[in-house]
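The values are calculated or read from the model by the stated rules, or taken from the named source; none is laboratory data. Nothing here was measured: the structure is a model prediction, and the numbers come from that model. Here Cβ is always computed from backbone atoms with ideal geometry, including for glycine, and neighbour counts include all displayed protein chains.
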Amino acid sequence: MATLIVSTLVLFIFFLGIRIVRPTHRALVERLGKYHRFAQPGFHWIIPVIDRMFQIEITEQMVDAEPQEIITNDNLNARVDAQIYFKVKSDDENVKASQYNVSNYRIQIVNLARTTLRNIIGTLTLKSANSERGKINTELQRTLREETGKWGLEIVRAELKEIDPPKDVQETMNKIVKAENEKLAAVDFATAAETVADGTKRSEIKKAEGIKRANILEAEGEAEAIRLVNEAAEKYFVGNAQVLRKLEAVEKSLANNAKVVIPGNTELVNVIGDLAGLVPMKGVQKTK
């Protein structure tokens, strides 16, 4: 009976001392209040009551710096919030530092981030703070890394979550942005109208140039026709330019089926006869 009790007690103590460390954690074992050993992931057994195991997560974590009112360099109260991403380094020295060199590193990171943000943004205007977020993030991360170097932590990144101006300032800024957008829209509309007008102007110019060119070509054609007529007149009707004009008038009249009476003794009749191969008769004797 006593053996059974002892065996049961031993088994109870054994199971009571079993500890399992996950891959995402590392552990510190203390014995009677003093650091005893470092525990890697896996199965571990500690002496109940005498030993204590503290597991520390080494994966990346995030803390919110919590919104706060910060007075900017232009005396505006900006509501600022940031998020800090960090992790505990996995080696034994840094895990020990995260537990023995700082009291609750999560709270300390938040307080340090809030103080650092006040120091950085307090030297900037609200406008520059909004336009230089990347610079603020870099400066915040650098400061946190320097200050937490002895805490066994790695500051992965720091990001501003928001920089909100007071409500009245925000309304004014919205009006300014709206006015600027309307101004840009008006400029774009004016530019488009100017482009259309310029295109119409160029089109009219090209149209006028086309008409001018057509008139020039028509005039050149008429001049060429006159030149050819003159050459023909000089070749076939030397000294009879007036007769040629008369022939042209007769030709136009005949084309319209008009009847023209030409005196028989005129030079024009002689010319027509010559062209047709006919000789006009000088007189006709009547026979009785």
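Got at least one residue in the range 45-67 being of a type in the set (Gly, Ala, Ser) and more than 43 Å from the chain's Cα centre (by Cα)? No; the residues of the range 45-67 include none that is of a type in the set (Gly, Ala, Ser) and more than 43 Å from the chain's Cα centre (by Cα). So, in the range 140-153, exactly how many residues are surrounded by fewer than 17 Cβ atoms within 10 Å (Cβ to Cβ) and touching a residue at least 12 places away in the same chain (Cβ under 8 Å)? Qualifying residue count for the region: 1.
So is Asp64 touching a Pro at 6+ places or on another chain (Cβ under 9 Å), closer than 30 Å to Asn130 by Cβ and touching a residue at least 24 places away in the same chain (Cβ under 8 Å) or not? Here the answer is no, as Asp64 does not meet what is asked.
If you go through the range 116-160 and keep only what is more than 37 Å from the chain's Cα centre (by Cα) and of a type outside the set (A, V, I, L, M, F, W, C), you end up with Glu146, Glu147, Thr148, Gly149, Lys150, Gly152. Within the range 98-113, the set of residues being out of contact with any strand residue (DSSP E or B) (no Cβ under 8 Å at 6 or more places or on another chain) and not β-branched (Val, Ile, Thr) comprises Asn101, Ser103, Asn104, Gln108, Asn111, Leu112. Taking the conditions exactly as written (assigned to a strand (DSSP E or B) and β-branched (Val, Ile, Thr)), does Ile20 satisfy them or not? The answer is yes for Ile20. Condition test on Ile205, is it over 26 Å from the mean Cα position of the chain (by Cα), at pLDDT 80 or above, in a helix (DSSP H, G or I) and of a type outside the set (S, T, N, Q)? Yes, satisfied. When the test is whether a residue is assigned by TED's automatic domain parsing to the domain that holds Lys135 and of a type outside the set (D, E, K, R), Ala39 does not pass it.
Within the range 47-88, the set of residues being touching a helix residue (DSSP H, G or I) at 6+ places or on another chain (Cβ under 7 Å), closer than 21 Å to Ile109 by Cα and outside any strand (DSSP E or B) comprises Ala65, Glu66.
Suppose we filter the range 100-111 for residues that are surrounded by fewer than 19 Cβ atoms within 10 Å (Cβ to Cβ) and in contact with a helix residue (DSSP H, G or I) (Cβ under 9 Å, 6 or more places away or on another chain); how many remain? Counting residues in the range 100-111 that are surrounded by fewer than 19 Cβ atoms within 10 Å (Cβ to Cβ) and in contact with a helix residue (DSSP H, G or I) (Cβ under 9 Å, 6 or more places away or on another chain) gives 3.
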